[in-house]
Amino acid sequence: MTIPLDSAAKLLGLLASGELTARQATQASLDRIAATDPEVGAFTFVNTEAALAAADSIDQRRRDGQPLGALAGVPIAVKDVLCTTDMPTTCSSRMLEKHMSPYDATVVARLRAADAVIVGKTNMDEFAMGASTETSAFGKTTNPWNPSLTPGGSSGGAAACVAAGDVPLSLGSDTGGSIRQPAAFCGITGLKPTYGRVSRYGLIAFASSLDQVGPMAFDAVDCATLLNAIAGVDASDSTSLPVETPDFTAGLDRIEGELRIGIVKHHLEAEGLDPEVRQAVDDAIEVFRDAGAKIVEVELPHSDYWVPTYYVIAPSEASSNLSRYDGAHYGHRSPVAASEAGDRGPLVATYCRSRGEAFGAEVKRRIMIGMYALSAGYGDKYYVKALQVRRLIRQDFDSAFQNVDLLLGPVTPTPPFAMGEKIDDPLQMYLCDLFTVGANLAGIPALSMPGGLTSNNLPIGIQLQAPPLQEAKLLQAAAAFQRATDWHTKRPL
Amino acid sequence: MDQPYEIVIGLEVHVQLRTTTKLFCRCATQFGAPPNTNVCPVCLGMPGALPVINEHAVQLALQTGLALGSTIPPMTKWDRKQYFYPDLPKGYQISQFDLPICDGGHLTIADPADESQTRTIRLIRAHLEEDAGKSMHDEANGRADSRIDLNRCGTPLLEIVSQPDMRSAAEAKAFLTELKLLLTYLDVSDCEMQEGSLRVDANVNLKIEKAGDTIATPIVEIKNMNSFRAVERAIAHEAQRQYHEWEETGLTIKDRTKRTFGWDDAAERTVPQREKEEAADYRYLPDPDLLPICLSVETVEATRVALAEFPAVARQRLQSDYEIKAYDADVIVNQGRGVVEYFEAVAKGSGDARRASSWIQQDVLRTMKEQGKGIADFAVSADTLAELLGQVSAGKLDNARARDVFQHLLEKRGSVAEAIKALGIESVDAGEIESLCQELLDANPQVVEDVRGGKMQAIGSLIGQAKKKNPNVNPKQFREICLQLIQSAG
Amino acid sequence: MAISLDQVRKLALMARLELSDDELGTITPQLEDIVAFVDKLMELDTDGIEPMVHAVETVNRWVPDQLGDSLSREQALANAPNHDEECFLVPPVMG
């Protein structure tokens, strides 16, 4: 039997019927990782023993007729930004190279409670800062569609391991597009939920007011299944929303009522938007129109300010969040001889050396931007200003959603780019986030789904965005699109 | 004016709030636990951990603000104050920057220069923040590593900031005394300076009158004062120091930014602390991990209504309810809520508030001071003392015998009846006293003469003799019977 | 806006980041470019607009004052680069 590692739904069916054991599924996943990962490099850690033990325990409980969680026996990978007690949690940074968290992130605990089998941790841009997974301290992840290309980032490993067929499900995090952009680059589906829908407890912070954990899988149905397992208010995260969690897998087979889809012409006509990406978006519009959706042009007047706003707020919060990595209580410490410490004194010298050594160039750059934006005299000029513009951006979305149910557009300006292409040009890299950061700034849910292939056989992503807490609507529309198209069934290898 | 300058003092008081758990996590706040045992991912600043507000800390801050007459703004929020220090594991302290929970307010104190007057010290604000951990430096070894204990890290503090309204070291001390009384009265804090649950920084400068001009000296913030007495002495010393410095250098507030001095208790002087080379830039940032607090008018008013009585109110009430003097009410209230409750129980139980007031001020407080004990540990309960004083008021015991009973109760505890029995105090029946009176009057005709001549106090000389013959004789009763006998014989 | 090398050095010290001369040489012009880029925000009139700190509008998220689990000291110190039996050890904070 071929074990369908590309579909949680299929695996769950086989596991439930007894045609497949959790151990078989897990072993298949581990074998696949062993085969693909030397080239893809999606994992920072593979937890072979623990995964098999968890699988055996699930099989035993199934045999005993005990109740099992909703993901019982399904292999899953977790981005290395999420704390786990049984594997190192590194954020792909030398700073946390050996860090063992004393607690599980809430989403990890929920995965365990759902009896998912966590096979390993996935590679990422260091501290989730980047759009190519090239800034990881532990080696680059390649795009399973073409090893000379990046998988996107920062959840590059999380997207690549699904695309490579290692696991059907994976958890990523998205601060400015870090789930959606790699999902687009790797030809899978990824959802950034409404800010507050999923607990951030145990998600190592990059920019706290923007970060959100979300599901990645080949299709919308699997994303819904995974979102069910992780969503919901958490007393340990004050910013998690005290709202009911609907069953996101319910009603995915239909769209309720008339669907009004908004198009932002300004984005489709954006300079630098690749013609093949544009074509895929136009095609997707037609798919929805054919399915009976009403297509409406809307405006997001401040969308040209998204990236500048983001690159003030995110680095400001990051510079603060990353202050804790000073090598005093955990993390990398580089001792400085007293004779070398100079005026700074031994403590400050040790802090500076430890941080200077253990952070990569992109992390340092963002810390410096944040320091600049928050330092005396600039706090109001940049930070407060950006927060004000953020409100205008949110208001734009609120107005647009008066007239439409969803927004449709590109995820990225271009198809996957080559390794090294943008790594020395931070501004070019930042412009990869052109279409994605709006959802983070506004706190709304957004999804990326496969919507075409380039002439070079590279995936193109389509983005859907919805009003706050309307993940169900996003998933319904994506599922409808995936019934009408087969882009999500294309595989790289 | 005996000094050529006026001192200007503003105080910043950090008060540790009496919660069971920390401000943003559920670790215990208990003092004196072994190092690094009351810690968790949140207060250790571990990657991924997030703070969650302790509701009780907000309540205690609100109560304090209301008692201090602060305005409670409709919205208050949290900010990160950022600096690197190993007792601050996140690299920032969660505090409140521009929208504190308590705005303004004031505290009225007795004027140390004139006890009959009061002074009102205005407050700028009071805000909530988390405490840092403790760094222990090996001073002897100089270069050795510092040891960090994070048990205290995250303990809720209320920082109360006064206006620079105090004009003498004695006023600063009076402010702190009254503030501590208020806070312990409300039970919002232990205010144990020794345990660090009350910490004071003083901002001090001088206004010097010279040739019709007023010159202000540079401001100095004094730290490391570990008792109210130290605060008083540090300010007095610093004022002198600033005056001499001004005489030597002529530098004014315009020439120098605020400096930090520490108080060296042993040397009895303020000493400059090492200045950091970089100017403090805390890069305040609204904390994205914590949502704002909005206290509705209803919540604030309900808290105000439910607020425990505070000292100023208690002083008034004791005067009106128990008809004791302002001075007496002051002494009792200044001892704290425990003594007030004790007084009220004794006053009610004995039915004689003035006697209760006088006994508590003289006998109870003196004994407490001698024994170094609080009222909670006092050997004679309020009920017992009430019973004893009730017997005095009823004329069953004289004050001297009552003191014997009190002393016995202090040493042996037990009930009033048991003490009376143990001391062999028996009530003497009227016939027995009458014959004793007769006997003594017969033996002392001169006394009878004197009384008849109008010198009633002459009986006094017989009381000593009567007591010798029978120690249980009540002098008041003895006196009355003697007078009756003399009159009836006349 | 021109940003001087000295300004970057001061920021780096404030950020407790040791940057090599090479790094300073690279990051300074990059910082200038990025600041010039975000200066686009200054085009907008935002007078009277309330800053948006949170994407959620809930308030008063708090919990009762009840003891929860703490870590053991062993767990607390497990990741420390240096510690003794009781405490974290760091280079001398004085001196």
request  = Test B:ILE219 against the stated conditions and say whether it is open to solvent by 40 Å² or more (accessible area, probe 1.4 Å) and β-branched (Val, Ile, Thr).
outcome  = yes
query = Can you tell which of B:ILE222, B:ILE215 is at pLDDT 95 or above, in a strand (DSSP E or B) and of a type in the set (Val, Ile, Thr)?
reply = B:ILE222
message = If I filter the range C:1-25 down to residues being part of a helix (DSSP H, G or I) and within 8 Å of chain A (Cβ to nearest Cβ), which single residue comes out as most open to solvent (accessible area, probe 1.4 Å)?
response = C:GLU23
Test result for C:THR26, under 30 Å from B:SER296 (Cβ atoms) and without any contact (Cβ under 8 Å) to a residue 24 or more places away in the chain = no
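Rundown of residues vs (1) aliphatic (A, V, I, L, M); (2) out of contact with any strand residue (DSSP E or B) (no Cβ under 6 Å at 6 or more places or on another chain), yes/no style:
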| site | (1), (2) |
| --- | --- |
| A:GLN388 | no, yes |
| A:ARG391 | no, yes |
| A:LEU427 | yes, yes |
| A:SER455 | no, yes |
| A:GLY461 | no, no |
key: the range B:83-115 - residue that is closer than 30 Å to C:ALA76 by Cα and in a strand (DSSP E or B) and, of those, farthest from the other protein chains (Cβ to nearest Cβ)   = B:SER95
key: Qualifying positions in the range A:333-350 - assigned to a helix (DSSP H, G or I) and either surrounded by fewer than 17 Cβ atoms within 10 Å (Cβ to Cβ) or in contact with a Phe, Trp or Tyr (Cβ under 6 Å, 6 or more places away or on another chain) (or both)   = A:ALA338, A:SER339, A:GLU340, A:GLY342, A:ASP343
ask   = Yes or no: B:PRO35 within 9 Å of another protein chain (Cβ to nearest Cβ) and assigned to a loop (DSSP other than H, G, I, E, B)?
value = yes
message = Are there helices (runs of 4 or more DSSP H) fully within the range B:236-355 with at least 3 residues that are of a type in the set (Gly, Ala, Ser), touching a residue at least 12 places away in the same chain (Cβ under 8 Å) and more than 27 Å from B:HIS127 (Cα to Cα)? List them.
response = B:337-350
ask   = In this structure, is B:LEU66 among the aliphatic types (A, V, I, L, M), under 21 Å from the mean Cα position of the chain (by Cα) and farther than 14 Å from B:ASP131 by Cα?
value = yes
query = If we scan the range A:319-332, do we find a residue that is more than 7 Å from every other protein chain (Cβ to nearest Cβ), modelled with pLDDT of 95 or more and open to solvent by 10 Å² or more (accessible area, probe 1.4 Å)?
reply = yes
ask   = Among the candidates A:THR135, A:THR84, which residue alone is more than 15 Å from A:GLY190 (Cβ to Cβ), in a loop (DSSP other than H, G, I, E, B) and open to solvent by less than 10 Å² (accessible area, probe 1.4 Å)?
value = A:THR84
Unmet criterion (only one of (1) surrounded by fewer than 24 Cβ atoms within 10 Å (Cβ to Cβ); (2) modelled with pLDDT under 95) for A:ASP433 = (1)
request  = State all residues of the range A:435-493 that are of a type in the set (A, V, I, L, M) and in a loop (DSSP other than H, G, I, E, B); if no residue qualifies, say none.
outcome  = A:ILE444, A:LEU458, A:ALA466, A:LEU469, A:LEU493
Every residue from the range B:327-376 that is open to solvent by 70 Å² or more (accessible area, probe 1.4 Å) and of a type in the set (A, V, I, L, M) = B:ALA376
key: Residue among C:GLN30, C:GLN66 that alone is closer than 30 Å to B:VAL58 by Cα, within 7 Å of another protein chain (Cβ to nearest Cβ) and not aliphatic (A, V, I, L, M)   = C:GLN66
inquiry  = Quick check on the range B:42-72: of everything there that is touching a Cys at 6+ places or on another chain (Cβ under 6 Å) and within 28 Å of B:LEU123 (Cα to Cα), which residue is surrounded by the most Cβ atoms within 10 Å (Cβ to Cβ)?
reply    = B:GLY65
query = Just to be sure, is A:ASP166 of a type in the set (D, E, K, R), within 21 Å of A:ASN457 (Cβ to Cβ) and open to solvent by less than 10 Å² (accessible area, probe 1.4 Å)?
reply = yes
ask   = Of A:ARG394, A:ARG353, A:ARG390, which residue is in a helix (DSSP H, G or I), open to solvent by 10 Å² or more (accessible area, probe 1.4 Å), modelled with pLDDT of 95 or more and closer than 28 Å to A:LEU273 by Cα?
value = A:ARG394
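The values are calculated or read from the model by the stated rules, or taken from the named source; none is laboratory data. In this text the structure is predicted, and so the values were computed from the model without any measurement. Reconstructed Cβ throughout: ideal geometry from the backbone, glycine too, with neighbour counts over all protein chains shown. These area figures cover heavy atoms from the full protein model, side chains too; ligands, DNA and RNA do not enter into them. Shrake-Rupley method; radii C 1.70, N 1.55, O 1.52, S 1.80 Å.
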